[in-house]
């Protein structure tokens, strides 16, 4: 009797386990992993176990992800959708995945990322959007990723990246940005400042090689001198007072004063006006920079004053020399005339005696 009951329960559990694993996939009930790699799938499989922690769907033919596509797996931690043909993702596709840590969407055909899509997965630590056709990121992207440590954006169509996308990523350790057609103009000053601070604090960046303008092609943005951004009207001011702006922003947030929204429409942005966020360092750097600039300006002024004094002294000496030379010439002419007169008188006297 007991043996029959045990066999019945085992059979029921086996049927339940089999029914919770799609026939196209391989499932590990102990590790709670569902592996559907390279199975020729065109959509997200159904009948997934609710306690699934990892779902591997790479190397398939999935073209789109609909709303609430992963509602059967609310505890999902790893979702890998690399090497598919994804062009469309519903803004609510990831809704409910509050435990998701790793999201891999590499090697697809994604053109844009809706800010609502990633706003529902605020605990991500790894996000891979590489090898797509992404031309820009939503303004509020960074507000959702305070725990993000690895962020991959290489091999896309990004031409610029505002540092406001990165300022809130306080836990970021590795950032991949290479192989994008970066346009290194005034709008990239903010990113340059952020990258310098990020690498100084130990962050890893693979590189930001410029694609435009031609004079900067293949040069890493981090190593381009600020002097080459000569068309930027406020570059120097942005560089000197970046820390002051950062402190002002932090103080406004501490006081509860709302900071201008990143999504707020702008009336008209100048063609070459950089909009960098301040470097997240203390005020000493800005003060030291201002002091050094003052010292340099003072030295230049002293050199100009010395040159002016030297020029005036030289002019005075030359004038005095010319006056003395003219005086000597006049004196020599007077003596010569006197000698000539004496010689004539002498000749006349000799002629008279003779």
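Given the criterion farther than 30 Å from residue 191 by Cβ, at pLDDT 85 or above and within 45 Å of the chain's Cα centre (by Cα), identify the matching residue among 297, 312, 301. Quick ask: steps written out before the conclusion?
Numbers: 297 fails: farther than 30 Å from residue 191 by Cβ; 312 fails: within 45 Å of the chain's Cα centre (by Cα).
Among 297, 312, 301, only 301 is farther than 30 Å from residue 191 by Cβ, at pLDDT 85 or above and within 45 Å of the chain's Cα centre (by Cα).
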Hey, does region 59-66 have a residue that's more than 20 Å from residue 117 (Cα to Cα) and in contact with a helix residue (DSSP H, G or I) (Cβ under 9 Å, 6 or more places away or on another chain)? no
Can you tell me which residue in region 87-100 is nearest to residue 45 (Cα to Cα), limited to those that are crowded, with 20+ Cβ neighbours inside 10 Å and out of contact with any helix residue (DSSP H, G or I) (no Cβ under 7 Å at 6 or more places or on another chain)? 97
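Tally the residues that are surrounded by 15 or more Cβ atoms within 10 Å (Cβ to Cβ) and not in a strand (DSSP E or B), restricting the search to region 61-73.
Quick first cut of region 61-73, residues surrounded by 15 or more Cβ atoms within 10 Å (Cβ to Cβ) only: 62, 64-65, 69-70, 72-73.
Retained after the next criterion (residues that are not in a strand (DSSP E or B)): 62, 69-70, 72-73.
Residues that pass the stated criteria total 5.
Which of the residues that make up region 25-39 are out of contact with any strand residue (DSSP E or B) (no Cβ under 8 Å at 6 or more places or on another chain) and within 17 Å of residue 105 (Cα to Cα)? Spell out the reasoning first.
Going through region 25-39, the residues out of contact with any strand residue (DSSP E or B) (no Cβ under 8 Å at 6 or more places or on another chain) turn out to be 29-30, 38-39.
Answer for region 25-39, where residues must be out of contact with any strand residue (DSSP E or B) (no Cβ under 8 Å at 6 or more places or on another chain) and within 17 Å of residue 105 (Cα to Cα): just 38.
Condition check ((1) outside any loop (DSSP other than H, G, I, E, B); (2) out of contact with any strand residue (DSSP E or B) (no Cβ under 8 Å at 6 or more places or on another chain); (3) closer than 23 Å to residue 115 by Cα; (4) at pLDDT 90 or above) across all residues:
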position	(1), (2), (3), (4)
164	yes, yes, yes, no
188	yes, no, yes, no
257	no, yes, no, no
260	no, yes, yes, no
263	no, yes, yes, no
Could you figure out which of (1) buried (at least 17 other Cβ atoms within 10 Å of the Cβ); (2) within 23 Å of residue 210 (Cβ to Cβ); (3) in contact with a strand residue (DSSP E or B) (Cβ under 6 Å, 6 or more places away or on another chain) isn't true of residue 183? (1)
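With the structure loaded, tell me whether residue 168 is touching a residue at least 12 places away in the same chain (Cβ under 8 Å) and at positive phi or whether it fails that test.
Values: touching a residue at least 12 places away in the same chain (Cβ under 8 Å): yes; at positive phi: no.
Here the answer is no, as residue 168 does not meet what is asked.
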For region 143-160, what are the residues that are under 13 Å from the mean Cα position of the chain (by Cα) and either assigned to a strand (DSSP E or B) or over 26 Å from residue 85 (Cβ atoms) (or both)? 160
Suppose the filter is crowded, with 18+ Cβ neighbours inside 10 Å and either within 27 Å of the chain's Cα centre (by Cα) or in a loop (DSSP other than H, G, I, E, B) (or both); does residue 79 pass it? no
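The values are calculated or read from the model by the stated rules, or taken from the named source; none is laboratory data. None of the values given here were measured: they were computed from a predicted structure. Every residue, glycine among them, receives a Cβ derived from its backbone with ideal geometry; neighbour counts consider all protein chains shown.
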